[in-house]
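**Q** Please read through the structure below; I'll follow up with questions.
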Amino acid sequence: MKRRSPTLEGFQVLFRQPALGLAEIAWRWSFSLAVAASLLYSVGQYLATLPVTSAEIFLLRTRQPVLILQALDRIFQGSAPRAVAAAIVLALALTLGWIVLASVGRAATLKALFGYFRENSEPSDSAVDGTAGTPSWRMASLIGLNSLRASAALAAVVGGTLGALLLAAASSSRTDPAPGRALLIFFVLTMLAGLAWTTLNWVLSLAAIFVVGKGLDVFSALASAVNLCLAQPGPLAAAGTCFGVVHLLAFTIATSVVGLPLGFAGVLPGGAVLGGVLMVALLYFAMADFLHIGRLAANVCIVEQPPDAQPSAIGSQPSSGFPASVLHSPSDDDILSDIPGLVPPSPEPLGS
């Protein structure tokens, strides 16, 4: 059967099914807008609880840095516990919202991708791997995977950063100060924690394909994702590299274009410059989310394609299908009995 290139299939999905990329942008940006609105509302409510006296207002209006800092210190004094409590409640609410929204959004995009590949695949492909129909799956499995992703992110941010700070502080003491060594240890440990989180997050994202496409539960999908990484590392690495290069190219173009409105900062109004920078940033983020669907489609193509058919051996016949007499090349030292197939077997006695 003709095998397809997962990377090319991923790029073809972006051009043939642009609605999938727009759907990915829609659910991601809706959550981003919800986060921004929640943060602005929470900050506004927190500032509304701060008592400000007339004396502090007078100090703020003096425009003297020392007096302004003194007024701010009085205003925010004793309000740290409320800010921490509000931040914890907001983080938990946003995390729960992201788990539900990411599960619904990923289910919609994966169902569309599996439908696309199964409609355009050869009948023999579905007959080989048994994916002719869409298996039943549960939203609870996707919610479980996204909960693990959120837990991994929390562990990387809190545990990784806190552990790096403690180890870096232990490497430098008052008797033997070594700020450079402490800073190096902190950066190295933080990078290792970030790399571990990135790898685990990618595996959990890959496992969602098996939940929707194969109807597996959380741990079975994780096991299938790990097996896929071990069985087909080449196609996965090729797809990730190609889309990563395109992503890097988009980032390079965006950072170059963003210099245009900044170059007119002395001529144009500040609002126009800020609007231009914001527009370039939004276009870059939209392109990044759009490319993510292409990479996801490449991974779905890898999962959907059956592995290469391995020739089976029958008896002692070699896997190439040729008889042993053909594979064995005679030499000058061989006799007739050394070359199989040339000497017929001796007939059995009649009385036996």
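None of the figures in this text is laboratory data; all of them are computed from the coordinates on show. Since we're looking at a predicted model, the values are computed, not measured. Don't worry about glycine lacking a Cβ; one is built from the backbone with ideal geometry, like all the others, and counts go over all protein chains shown.
**Q** For the range 136-260, place one equal point scatterer on every Cα, skip the solvent, and apply the Debye formula. What is log10 of I(q)/I(0) at q = 0.19, 0.21, 0.22 Å⁻¹?
**A** The calculated log intensity ratios at q = 0.19, 0.21, 0.22 Å⁻¹ are -1.04, -1.10, -1.13.
**Q** May I pose another question? What does the charge add up to near Ser103, with Lys and Arg as +1, Asp and Glu as -1, over the other residues with Cβ less than 15 Å from its Cβ?
**A** Charge balance in the 15 Å sphere: +3.
**Q** Here's something else I'd like to know. Using 0.36 nm per residue of separation minus the Cα-Cα distance, give me the extension gain between Arg174 and Val43 in nm, one decimal.
**A** The Arg174-Val43 span can extend by a further 43.3 nm.
**Q** Students often check this: by mean Cβ neighbours within 10 Å, which of 98-111, 153-166 ranks highest, and how do the rest follow? Write down the numbers at each step before the final one.
**A** Numbers: 98-111: 18.2, 153-166: 14.3.
For the peptides 98-111, 153-166, the packing ranking is 98-111, 153-166.
**Q** Against the 2.2 N^0.38 Å scaling, with N counting residues, where does the range 16-66 land? I'd like the Cα-based Rg ratio to two decimal places.
**A** Expressed relative to 2.2 N^0.38 Å, the Cα Rg reads 2.13.
**Q** Could I ask something else about it? Would you list Val303, Val43 from fewest to most Cβ contacts within 10 Å?
**A** Val43, Val303
**Q** Ok, one more. Counting Lys +1, Arg +1, Asp -1, Glu -1, what net charge surrounds Trp137 among other residues with beta carbon under 11 Å of its beta carbon?
**A** Once all neighbours under 11 Å are counted, the net charge is +2.
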